[in-house]
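Just below is one structure, and these are the notes that go with it.
The values are calculated or read from the model by the stated rules, or taken from the named source; none is laboratory data. Only a predicted model underlies this, so the values are computations on that prediction, with no experimental measurement involved. No Cβ is skipped: glycine too gets one built from the backbone with ideal geometry, and neighbour counts run over all protein chains shown. Surface areas here come from the heavy atoms of the whole protein model, side chains and all, with no ligands, DNA or RNA. Shrake-Rupley method; radii C 1.70, N 1.55, O 1.52, S 1.80 Å.
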Amino acid sequence: MLITPANLKTLFIGYKTAFVGALGQAASQYQQLATVVPSTTGTEEYGWLGQMPGMREWIAERVVHGLENHGYSIKNKPFELTVAVPKTAIEDDTHGTYTPLMQELGRSAAAHPDELTFGLLKDGVSVKCYDGKPFFAANHPVKNALGKPESVANADLGGNGPLWFVLDTSRAIKPLIFQDRKKPNFVAMTAETDPNVYSKAQFEYGVDSRCNVGFGFWQMAFASNQPLNADNVWAAINAIEQCKGDGGRPLGLRATTLVVPTSLQRVANKLLTAELVPNADGTATESNDLKDRLKSLVSPWL
């Protein structure tokens, strides 16, 4: 192929088509546990975190719930992935062998929100959320009915196994936040005067985006590294569904999703699909009260 502006434009269109095709076909899971928030600035403030208000009888004036109690913000980060195509591959008409590489760019860009979201979920045992505590902690401060602070746990980290999670993903607001500033954009450096072409004899194609992830309400999530069994899963379910907000008001949460790494997917599948399970002493079987109680979500990023 002669290296002309017209031919390079045609090549770019072909590569971008491969990129976009893979970008649209890659399955993603992050939207199941993260609220997607469009972003228009470098940093977004989430002062409303910490406020999960409920309806009340309207007597006299309205009671305005404060939205500035927590200065939690998420700063967008830039991300990129770039590959090179030798100039000789274009001159010798072997550029088609690089089309799968452009598809891989699309797959990687599509998987990136999952990688960020599930990575943050796993790091929630140490990364702090809006109340200054790790997202998964034993001492989240909550005011009781008398207005006095109490410690509430949303984690059982006394074991030594892989982390697994129970979440309430039924609401518009999810346990995590995915902040979308700039969607993946396919670009190229192919001009003869570009440094990569002039000095290295290679054409560069890449994708860039801007985004970040953060924590929503810790009350909607529970983490454990205890053995994945029925008793421990029910303990996590109860911790979420019995959680109360400030003033002792029930939050009405409902655990819906069990999130596990690939190493626990077989155990999770049995827990949530088996009709019968052994009873406490193992002498007989009984109905499985976890069957279809939660949806299983298996992630390779945990």
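If residue 246 meets every condition in (1) over 28 Å from residue 140 (Cα atoms); (2) open to solvent by 90 Å² or more (accessible area, probe 1.4 Å); (3) more than 23 Å from the chain's Cα centre (by Cα) apart from one, which number is that one?
(1)
Can you confirm whether the stretch 198-219 contains a residue that is within 24 Å of residue 160 (Cα to Cα) and either in contact (Cβ under 8 Å) with a residue 40 or more places away in the chain or basic (Lys, Arg) (or both)?
Yes: one or more hits.
Could you run through the stretch 251-268 and say how many residues are more than 19 Å from residue 33 (Cα to Cα) and open to solvent by 90 Å² or more (accessible area, probe 1.4 Å)?
Here is the first cut: in the stretch 251-268, the ones more than 19 Å from residue 33 (Cα to Cα) are 263, 266-267.
Then drop every residue that is not open to solvent by 90 Å² or more (accessible area, probe 1.4 Å), which leaves 266.
Residues in the stretch 251-268 being more than 19 Å from residue 33 (Cα to Cα) and open to solvent by 90 Å² or more (accessible area, probe 1.4 Å): 1 in total.
Can you tell me which of 125, 166 is within 26 Å of residue 294 (Cα to Cα), touching a residue at least 24 places away in the same chain (Cβ under 8 Å) and open to solvent by 30 Å² or more (accessible area, probe 1.4 Å)?
It is 125.
Each row is one residue, and each column tells you yes or no for (1) farther than 29 Å from residue 141 by Cα; (2) at pLDDT 60 or above; (3) of a type in the set (Lys, Arg).
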| site | (1), (2), (3) |
| --- | --- |
| 42 | yes, yes, no |
| 55 | no, no, no |
| 73 | no, yes, no |
| 77 | yes, yes, yes |
| 88 | yes, yes, no |
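Let's see how each residue does on (1) assigned to a strand (DSSP E or B); (2) among the charged types (D, E, K, R):
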| site | (1), (2) |
| --- | --- |
| 188 | yes, no |
| 228 | no, no |
| 235 | no, no |
| 238 | no, no |
| 270 | no, yes |
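Quick one: would you say residue 188 is in contact with a Lys or Arg (Cβ under 9 Å, 6 or more places away or on another chain) and either among the basic types (Lys, Arg) or surrounded by 13 or more Cβ atoms within 10 Å (Cβ to Cβ) (or both)?
On the way: in contact with a Lys or Arg (Cβ under 9 Å, 6 or more places away or on another chain): yes; either among the basic types (Lys, Arg) or surrounded by 13 or more Cβ atoms within 10 Å (Cβ to Cβ) (or both): yes.
Against the criterion (in contact with a Lys or Arg (Cβ under 9 Å, 6 or more places away or on another chain) and either among the basic types (Lys, Arg) or surrounded by 13 or more Cβ atoms within 10 Å (Cβ to Cβ) (or both)), residue 188 qualifies.
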